[in-house]
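**Student:** Handing you this structure, nothing more for now.
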Amino acid sequence: MIKKLSNGDLDVTALEIKDVIDIKLLQTFQDNFATGMNIASVTVDKDGTPVTNPSSYTSFCMDFTHSTKAGDDRCALSHKKGGEDAARTLRPSIYTCHAGLIDFAAPILVGEHLIGTILGGQVLTSAPNEAKFRKTANEIGVNEEGYVDAVKKVYMTNEKNITAAAEVLYIVANSLSQAGYERLKLSTMSQTLSENFSQISATMEELSASSVNVTNNQQNLSDEIINVKKLSIEINTILDSIKSIADETKMLGLNAAIEAARAGDAGRGFGVVATEIRTLSQNSKETAIKIMDLTKKIQESVDKTIDTSHSTLETTEQQSAAIQEVTSNLMEVTTLADELNSMANNK
Amino acid sequence: MQILTFLLKDERYAIDITLVNTIENKMPLTPVPNSKKYVIGLISNRGSVIPVINTSLMLDDKDINNIFEKFIIISIGNEKLALAVNEIDDVVEIEEKNIENINNDEDFSIVNVNSNVITLLTYKQLKKI
């Protein structure tokens, strides 16, 4: 099973043979090799379950030894032992099976981790000892004569050939598994790469959208500030007319004072009113001037704010542009990562 | 007594308020040919045609390019005159004993108002116009 560790690396211990080796290719190779060398073979996973069909199995094994439960169990035990030797040494191991045939087990590794075993053999290196085979036939409950006939048909070769055959299977199967493992790693990495870039791309798009938002808000802010300036100019216009009203009032008060003076004693009371009017007009004028000072300060402050706002706007626009550039670069890289990913996954 | 104070440029002057009829904002002048040099035109006010005096020039002020903003309409006997000035200042109550004549000449008087000495235009002086 292809499993990833929390850091994104492949979990080697979870890997199975079918994850790294194309079983159909292995079967073809195994069949042809078995036929060519006249040596039986089968590939099992790390639990001992066959993943290929047996190639060139002998009648001795298929029709007799495996035909009873006792024989089958002995075979399984024998295979297990051979497999364990191979797994321990990480090298092909050659041994004599429970029935007396020569077998080998070649480990299939990823790094130093066992993912399966190629079992093979079912040959002899010397003429069979009939008595021994008769004994085995009785023990596992098969026909003695048939069993002896069958063992006589078993291919006879020498140990050197068996060792070479085991070595070839070992080398080829491990090359396949190593290449498969590398391809799997590449595929995992490129997938992670592609996913990360997609993530970055999405984040950058969000960033880009929010930066456009910031720019728009800044623009609105600038417009509002300019409005404030316009309003304060309007206030000044109004203050001008208040000032001229105050001037007129002063004139009125002065004229009233003149009239009161001319009226002599009779105008004395009116003179007081006239003075009040002049005071009032003076106050109005002074207040208007104070407000004008304030609106002037408002305008100065608004001018400064507009300057700041302009430079902020410029900055945010530059930021938006930069983000967009990064986003478009990222898109290219994401496309590359996707291509890499699909190349790595193309088996 | 009460006096009306006014400004010619930055200088303060005063006039006896009983001589004053009214004060007015400046208005267009009608030129008068062959008149005295300090008469700068005529205005129509409350049914009367009144000569306008360049007050600066009348008081020997050298600045003749003064731009007048206000007119003080006064009565000298049966004559009405308009004194063109820069700004009307205030109406002030003074003690008559605070008026001092310069060089024993009653034409020019000065008066002390709130620690400021200002020139007071009197009836006698204005009558000469």
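The values are calculated or read from the model by the stated rules, or taken from the named source; none is laboratory data. Here the structure is a predicted model, which means the values were calculated and not measured. Quick reminder, even Gly has a Cβ in these numbers, built from the backbone with ideal geometry, and neighbours come from all protein chains shown. To get the accessible areas, we keep the full protein, side chains included, count just its heavy atoms, and leave off ligands, DNA and RNA. Shrake-Rupley method; radii C 1.70, N 1.55, O 1.52, S 1.80 Å.
**Student:** Counting only heavy atoms of the protein chains, get the accessible area per residue of region A:25-94 (1.4 Å probe) and round it to a whole Å² value.
**Tutor:** About 53 Å² of surface per residue is accessible.
**Student:** With loop defined by DSSP as not H, G, I, E or B, and exposure as at most 16 other Cβ atoms within 10 Å, which is the longest segment of chain B clear of exposed GluC sites (Glu not before Pro)?
**Tutor:** Excluding the exposed sites themselves, the longest stretch runs over B:1-68.
**Student:** A further question follows. Using modelled backbone amide H atoms (1.01 Å from N, in-plane), which distant-in-sequence or interchain residues come within less than 5 Å of A:Leu10's amide H?
**Tutor:** Long-range HN contacts for A:Leu10: A:Leu5.
**Student:** What quantity of accessible surface, computed with a 1.4 Å probe and excluding non-protein components, is buried in total between chains B and A, in Å² to the nearest 100?
**Tutor:** Counting protein atoms only, the buried area is about 1200 Å².
**Student:** When DSSP beta bridges are limited to those with both residues in chain B, what percentage is antiparallel, rounded to the nearest 5?
**Tutor:** Rounded to the nearest five, the antiparallel share is 85 percent.
**Student:** With charges set only on the Cβ (+1 for Lys and Arg, -1 for Asp and Glu), what does the dipole of chain A come to about its Cα centre, in debye to the nearest 20?
**Tutor:** 580 debye
**Student:** Follow-up question, since we're still on this one. Any idea what the dipole of region A:29-149 comes to, in debye rounded to 20, about its Cα centre with Lys/Arg Cβ at +1 and Asp/Glu Cβ at -1?
**Tutor:** In total the dipole reaches around 300 debye.
**Student:** On to the next question. In whole Å, what is the distance between the alpha-carbon centres of region A:11-72 and region A:173-208?
**Tutor:** Centre-to-centre distance over Cα atoms comes out at 33 Å.
**Student:** In whole Hz and in residue order, list the ³J(HN,Hα) couplings for region B:6-16 that follow from phi through the Karplus curve 6.51 cos²θ - 1.76 cosθ + 1.60, θ = phi - 60°; x for Gly and Pro.
**Tutor:** 8, 10, 10, 6, 9, 8, 9, 10, 9, 9, 4
**Student:** I've got another one for you. Given bins 10 angstrom wide, list per bin the percent of all Cα-Cα distances in region A:1-68, short to long.
**Tutor:** For region A:1-68, the binned pair fractions read 19, 37, 26, 13, 5, 0 percent.
**Student:** Can I ask one more? Check which residues have an amide H placed less than 5 Å from B:Tyr38's amide H, if you skip close sequence neighbours.
**Tutor:** Residues meeting the criterion, in which the H sits 1.01 Å from N, do not exist here.
**Student:** Moving to a separate point now. Evaluate the distance, in nm, between pseudo-label points positioned 7 Å from the Cα of B:Asn25 and of A:Thr35 along their respective Cα→Cβ axes.
**Tutor:** Output for this residue pair reads 12.2 nm.
**Student:** Could you work out, residue by residue across A:255-267, how many beta carbons of other chains sit within 10 Å of that residue's beta carbon, and then give the average as an integer?
**Tutor:** Taking the mean over all residues of the peptide, I get 4.
**Student:** Among A:Val42, A:Val272, A:Val123, whose mean-square fluctuation peaks in a Gaussian network model of chain A (Cα, cutoff 10 Å)?
**Tutor:** Most flexible of the set in this elastic network: A:Val272.
**Student:** Per-residue ellipticity at 222 nm for chain B, helices alone: DSSP H runs ≥ 4 residues times -39500 (n - 2.57), over residue total, nearest 500 deg cm²/dmol?
**Tutor:** -1000 deg cm²/dmol
**Student:** A follow-up question, please. Could you tell me what percent of the accessible area of region A:121-230 is made up of carbon and sulfur, with a 1.4 Å probe and every protein chain present?
**Tutor:** 55 percent
**Student:** Taking 0.36 nm per intervening residue step and subtracting the Cα-Cα distance, what contour gain separates A:Asp73 from A:Asn345 on full extension?
**Tutor:** 93.8 nm
**Student:** Full extension from A:Val273 to A:Val12: what is 0.36 nm times the residue separation minus their Cα-Cα distance, to one decimal in nm?
**Tutor:** Gain on stretching A:Val273 to A:Val12: 83.3 nm.
**Student:** So, one more: Go from 0 up to the bin containing the longest alpha carbon distance in region B:9-90, width 10 Å each, and give me the % of pairs per bin.
**Tutor:** Whole-percent P(r) values from 0 Å outward: 17, 56, 26, 1.
**Student:** Also, quick follow-up: Per residue Cα convex hull volume for chain A, in cubic angstrom?
**Tutor:** Considering the Cα atoms of chain A, their hull volume per residue is 180 Å³.
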